[in-house]
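Note sheet for the following structure.
The values are calculated or read from the model by the stated rules, or taken from the named source; none is laboratory data. What you are looking at is a predicted structure, and each value in this text was computed from that prediction instead of being measured. Neighbour counts are summed over all protein chains in view; Cβ atoms, including those assigned to glycine, are modelled from backbone coordinates with ideal geometry.
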Amino acid sequence: MGPSPPQLPDPNRGSGTQTEGQGRSSEARAAADASGPRKVTFAKDAAGFLTELRRRVDDYFRRTGKSTNDCWQMYLKSAVILAAFVTSYVLLVFVAQTWWQAVPLAVLLGAAMALIGFNIQHDGGHHSYSRHEWVNKLAARTLDLIGASSYLWHWKHVVYHHTYVNVQGQDTDIDVTPLLRFTPHARRLKVQRWQHLYLWPLYGVMAARWHLYGDLRDVAAGTVGPHHIPRPRGWDLVIFIAGKVVSVGLLLGLPMFFHPWWVVLLFYLLVTGVLGVILSVVFQLAHCVEEAAFTMPQEDTLRMEAAWAVHQAEATVDFARDSRVLAWLLGGLNFQIEHHLFPKICHVHYPAICTIVEQTCRDFGVKYAEHPSFWAGIASHYRWLKHMGRLEEGDGPHPGPDPVPGAS
């Protein structure tokens, strides 16, 4: 294989659990060096929160004898999801003859593509799918199959989002378009007053946008948001181009041999619309809600007041932890606090370790927030969008996490 984007170092080498950075990753430092001399840093973990949290989670895996990766449940789930993807695609393109047959299949296809992203690609991209690097790479590149770029996702999500979650100007996930304002530190436009209403259909065009335009623009410019990144070369460039050719061929090219072009275009918009809404909503429920912190570094030093692990926990919110169905479908992304602290643990373990994480947070006075249901998370996201659309810059910015009752 040719050169690949450098992988984040393991700051907990020799331990059963792994995180993707205490402070900042070497990739984030290198990217910051390339884009300018000023770098955001995090305070030291003087209280030892992350060290103790790792010890407790490590102890869980030692006691149970379970492996953090290569879980049989993950391989079985992947087979089921891929089978749903292939079946819905074949039935939609080659079998369906009427709109009432095609529409449910298109919705199912969009949902199956989202499940590939939540489960197979996401774990592979974080190296939590398997102990074997080739398995992780294969899983991560299923994202190229469904239209996005695994190369760009690595930089956007693994490097910048997971290092600087909810930090304005650093986390590219909260700086999507000027039409949307997710943080009190972002510029406010008058049109954003209605973003809690018009955002939902905008979520539906996100997938088509990065499929046909956004990824190509980012590679040509060598940037993701405000960050400069190395353009893909060698095999990475081959995979990027091949992914676009294959995904466009599957979603647009091949169907046009069997159906009128306008029908194909309509159903392309339906499939990618379902994909975009599901992906966007699920990821936003973890960070763009009322309970999440949106803290900024000090202006003179660009240093965050909190340690990296504390910041991750307080800028993230879980939802519907008791729902086994959602945990299965969403690849454990309803356990986002656990994921941000232990992204290299396969998501099938998040329901088991969430109580350990919650108790450790409370023991150290770190806020641990959750919504009891998916719909409670949706409601909080709606209220936050409405609040951000009406809050002027500098008018009472988000205060961050509240004190934890009874925390020592």
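Miscellaneous remarks
The rows are residues; the columns are (1) surrounded by 14 or more Cβ atoms within 10 Å (Cβ to Cβ); (2) closer than 20 Å to Asp144 by Cα; (3) modelled with pLDDT under 95.
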position	(1), (2), (3)
Leu189	no, no, yes
Val224	yes, yes, yes
Phe240	yes, yes, no
Trp261	no, no, no
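- Only residues that are over 28 Å from Ser149 (Cβ atoms) and of a type in the set (Val, Ile, Thr) were counted in the stretch 80-115, giving 3.
- Condition met for Tyr160 (touching a His at 6+ places or on another chain (Cβ under 9 Å), aromatic (Phe, Trp, Tyr) and at negative phi): yes
- Single residue of the stretch 341-362 satisfying the filter (without any contact (Cβ under 8 Å) to a residue 60 or more places away in the chain and among the charged types (D, E, K, R)) that is nearest to Asp70 (Cα to Cα): Glu358
- Residue within the stretch 166-175 that is in contact with a Pro (Cβ under 8 Å, 6 or more places away or on another chain), in contact (Cβ under 8 Å) with a residue 24 or more places away in the chain, surrounded by fewer than 21 Cβ atoms within 10 Å (Cβ to Cβ) and on the phi > 0 side of the Ramachandran plot present: yes
- Taken together, the residues in the stretch 317-332 that are buried (at least 24 other Cβ atoms within 10 Å of the Cβ) and either touching a residue at least 40 places away in the same chain (Cβ under 8 Å) or in a strand (DSSP E or B) (or both) amount to 5.
- Condition broken by Met206, with the remaining ones in (1) surrounded by fewer than 19 Cβ atoms within 10 Å (Cβ to Cβ); (2) under 21 Å from His161 (Cα atoms) satisfied: (1)
- So Pro184, is it in a loop (DSSP other than H, G, I, E, B), free of Cβ contacts under 8 Å to residues at least 60 places away in the same chain and over 27 Å from Lys137 (Cα atoms): no
- Scanning the stretch 295-316 for residues that are in contact with a Phe, Trp or Tyr (Cβ under 8 Å, 6 or more places away or on another chain) and in a loop (DSSP other than H, G, I, E, B) returns a single hit, Ala315.
- Among the residues making up the stretch 42-65, none is more than 17 Å from Leu341 (Cα to Cα) and part of a strand (DSSP E or B).
- When Gly365 is tested against (1) of a type outside the set (D, E, K, R); (2) buried (at least 22 other Cβ atoms within 10 Å of the Cβ); (3) assigned to a loop (DSSP other than H, G, I, E, B), exactly one condition is not met: (2).
- Scanning the stretch 358-377 for residues that are in contact with a Leu (Cβ under 7 Å, 6 or more places away or on another chain) and closer than 18 Å to Ser323 by Cα gives Phe374, Gly377.
- Of all the listed residues (Tyr382, Tyr350), the sole one being modelled with pLDDT of 95 or more, closer than 22 Å to Asp59 by Cα, part of a helix (DSSP H, G or I) and within 20 Å of the chain's Cα centre (by Cα) is Tyr350.
- Candidates Glu20, Glu27, filtered to the one that is at pLDDT below 65 and more than 17 Å from Ala309 (Cβ to Cβ): Glu27
- Residue match in the stretch 202-219 (condition: part of a loop (DSSP other than H, G, I, E, B), more than 25 Å from Gln312 (Cβ to Cβ) and without any contact (Cβ under 8 Å) to a residue 40 or more places away in the chain): no
- Options Leu251, Leu197; residue that is in a helix (DSSP H, G or I) and crowded, with 17+ Cβ neighbours inside 10 Å: Leu251
- Applying the criterion of being part of a loop (DSSP other than H, G, I, E, B) and touching a strand residue (DSSP E or B) at 6+ places or on another chain (Cβ under 8 Å) to the residues of the stretch 333-347, the residue that is nearest to Tyr198 (Cα to Cα) is Asn334.
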